[in-house]
Structure formats: C-alpha cells, structure tokens
Amino acid sequence: MEKITKYHIEYEKPKVTLLQQSGLGVAEIAARTCYDSFENSENACVKNAMTSMDTDAINSIDDSELLSNLAWVHHHHSIIEHATLSFLIQGTSRGVLQEHARHRLQAISVRSTRYTMSSVINAFTASQESEDGFAFFLDKVLALNLFVITDKEYLKIEIRSIYDKFMFQYTRNPDYLKDAVAKSSLPFVEEFKGDAQALYNALECGKKKRNVGDGFKHIVSDNWKVDMVVTFNIRSLKNYFDLRDSGAAWFQIQWLAEEMKKVTPVKYLKLIDKEHKNS
C-alpha cells in the first residue's frame with residue numbers, strides 16, 4: 001500500500017477494489033417505465049424490453065442518453081439509485097469509519113474488533129512472562145500492522161498507551177485470564193510460565209475466545225485499521241464524492257474517496273462527476 005507523509009507523520013493509504021457493479025440497464029428501464037418511452041432508447045434491448053426481455057444485454061449497457069439527460073439537464077437523480085457499486089476497502093482507519101457512517105444511504109460491513117483482537121490480547125498476556133513486557137508487546141504489535149499511521153516513533157507512543165490500558169485492566173481484574181483467553185487455552189499460561197514467546201505461539205495456535213474484544217475495545221483508537229465492504233447506489237455515491245473528494249474534507253477520507261473514484265467505471269462517473277461528464 002502507498003505511504004504518504006502528512007503533518008510530518010507517515011501514513012498508509014487505503015487500498016480499494018471494485019467487487020461488483022449492477023450496470024446502468026436497470027436504471028434506464030426504471031426511467032423508461034416512468035415515461036413509457038421504451039421506443040426512444042438507443043439501446044435495442046431496452047427498446048424491446050416490454051416484449052422481449054434480455055436481462056443479460058440490459059445489464060451490459062455502457063451508456064444511456066436518457067440517464068445522462070436526466071442527470072445533467074433535469075437533475076432527476078432518483079432514477080440512478082437503481083445502479084449500485086460495491087467496494088472492498090482495506091486499511092482505512094476507524095476515524096474514517098466514523099465519517100463514512102454519516103453517509104446514510106449505503107450498506108456497510110466492517111471488520112469487527114469483538115472478534116479480531118485476539119492477537120493483540122495474546123501479545124499482552126504473553127508479555128507478562130517477559131523480563132521487558134513492553135518491549136515484547138511492542139515487537140509483536142508492530143508486526144501485526146494494525147495502524148494507518150506507520151511512523152515508528154509515533155507508534156511507540158500509541159502502543160505504549162495500549163499496553164498501559166491493558167496493564168490497568170490486568171492489575172484490577174482478578175478474572176483477566178478468563179476474560180482474555182479461551183478456556184481450552186488457559187493451561188498454556190502455566191505450561192509456558194516464564195517463556196513469553198512460547199506462550200504467545202501457543203495462544204495464537206489455540207482456540208480463540210468468542211467475543212474476546214468485548215472487554216478490551218477501549219484500547220482501540222481512531223488510528224486502528226479497519227477493512228470494510230460498502231455498497232452505494234450511484235446517487236449516494238455522487239453525494240459521497242461531492243463531499244469527500246474535496247479539499248474541505250478530512251484528508252484521510254479524501255484519500256479513500258480518491259481511491260474509490262479510481263476504480264469506479266467511467267460509465268457511472270459520466271452521470272455523477274462533472275470532470276467525466278463528456279468523456
């Protein structure tokens with residue numbers, strides 16, 4: 001993934017993959033239904049849709065004069081809600097996730113901290129068997145590549161804070177091990193006492209405790225990486241690009257909008273982005 005320096009801190013930019021596109025045909029069918037104007041379509045599969053439906057051809061349409069006219073002349077954007085795109089986003093931040101959630105009309109599925117924090121918790125648990133617990137924890141967490149900020153000096157500060165939060169809980173909670181480790185893995189704590197690396201390896205290979213993140217979500221910051229799948233109809237995608245692919249937007253979500261736009265096929269951008277209107 002590309003790295004970039006902003007405000008004297010090094011960040012990693014997200015990676016975006018287009019997973020699915022619905023095509024423009026359904027949107028044109030919807031528009032033609034409103035106006036009962038199928039005979040006026042330049043696309044034969046749309047013109048004949050009410051008598052001879054060819055859904056494969058309809059879903060393969062790359063251009064529509066009617067949709068362009070509705071989008072740019074009449075600003076009738078509800079029609080293009082029938083076209084959707086799904087993106088896989090890898091390596092954005094939880095801070096961006098908060099911004100993303102403000103865009104109401106999207107389907108969003110996000111990597112869950114409840115289920116995916118085991119390695120960090122295992123690193124802390126094992127670190128208690130090391131002479132220098134923080135050094136052990138730091139080494140293991142850095143290797144997990146969990147953060148959008150990649151600056152090593154900054155990460156040492158952030159990971160120290162995470163370690164201190166764990167330690168706070170560890171010293172106050174007599175049931176820490178029961179909360180952090182699956183029941184079947186608890187014997188490893190005694191078996192590998194004094195050997196942090198062996199304990200870490202055993203915990204990583206052992207059964208993962210269900211919902212292990214429930215008691216530890218407080219360690220997560222806005223810098224924590226998330227992966228997510230988002231699906232937009234292109235009317236909502238227009239709103240997203242208008243607001244987020246803009247110098248007024250927070251730079252991390254600008255980066256994400258830029259990457260999403262790069263993988264959005266031109267046939268959709270022609271309906272929602274002025275720069276591509278006549279391309």
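In segment 93-115, the count of residues that are of a type in the set (K, R) and under 17 Å from Q197 (Cα atoms) is zero. Of the residues making up segment 72-107, those that are surrounded by fewer than 18 Cβ atoms within 10 Å (Cβ to Cβ), aliphatic (A, V, I, L, M) and at pLDDT below 95 are V73, A101, L105, A107. For the residues E2, E12, the requirement of being under 18 Å from E258 (Cβ atoms) and either modelled with pLDDT of 95 or more or hydroxyl-bearing (S, T, Y) (or both) singles out E12. If you go through segment 115-168 and keep only what is of a type in the set (S, T, N, Q) and under 21 Å from the mean Cα position of the chain (by Cα), you end up with T116, S118, S119, N145, T150. Restricting to segment 14-71, and then to whatever is hydroxyl-bearing (S, T, Y) and without any contact (Cβ under 8 Å) to a residue 40 or more places away in the chain, can you tell me which residue is surrounded by the fewest Cβ atoms within 10 Å (Cβ to Cβ)? Within segment 14-71, the match that is surrounded by the fewest Cβ atoms within 10 Å (Cβ to Cβ) is T51. Checking the stated criteria, K217 turns out to be exposed (fewer than 13 other Cβ atoms within 10 Å of the Cβ), under 30 Å from K15 (Cα atoms) and either in contact with a Ser or Thr (Cβ under 6 Å, 6 or more places away or on another chain) or touching a residue at least 60 places away in the same chain (Cβ under 8 Å) (or both). Each residue in segment 226-251 was checked for being within 13 Å of the chain's Cα centre (by Cα) and surrounded by fewer than 19 Cβ atoms within 10 Å (Cβ to Cβ), and 4 of them qualify. The helices (runs of 4 or more DSSP H) located wholly in segment 156-235 that include 2 or more residues which are of a type in the set (A, V, I, L, M) occupy 176-180, 196-205. Among residues of segment 255-269 that are at negative phi, those with a beta-carbon under 8 Å from a residue that is among the acidic types (D, E) at least six positions away or on a different chain give the pairs A257/D245; E258/D245; K261/D245; K261/D273; K267/D62; K267/D63; L269/E275.
In segment 149-177, the residues that are more than 19 Å from G133 (Cβ to Cβ) form Cβ pairs under 7 Å with partners that are basic (K, R), at six or more places apart or across chains, as follows: T150/K3.
Selection of segment 223-251 for residues being within 30 Å of S161 (Cβ to Cβ) and either hydroxyl-bearing (S, T, Y) or touching a Gly at 6+ places or on another chain (Cβ under 6 Å) (or both) yields only K225. Filtered by the rule that a residue be out of contact with any Phe, Trp or Tyr (no Cβ under 6 Å at 6 or more places or on another chain) and either surrounded by 15 or more Cβ atoms within 10 Å (Cβ to Cβ) or part of a helix (DSSP H, G or I) (or both), segment 123-145 gives T125, Q128, E129, G133, A135, F136, L138, D139, K140, V141, L142, A143.
The values are calculated or read from the model by the stated rules, or taken from the named source; none is laboratory data. Computed from a predicted structure; not experimentally measured. When we count neighbours, we look across all protein chains shown, and the Cβ atoms used for this are built from the backbone with ideal geometry, even at glycine.
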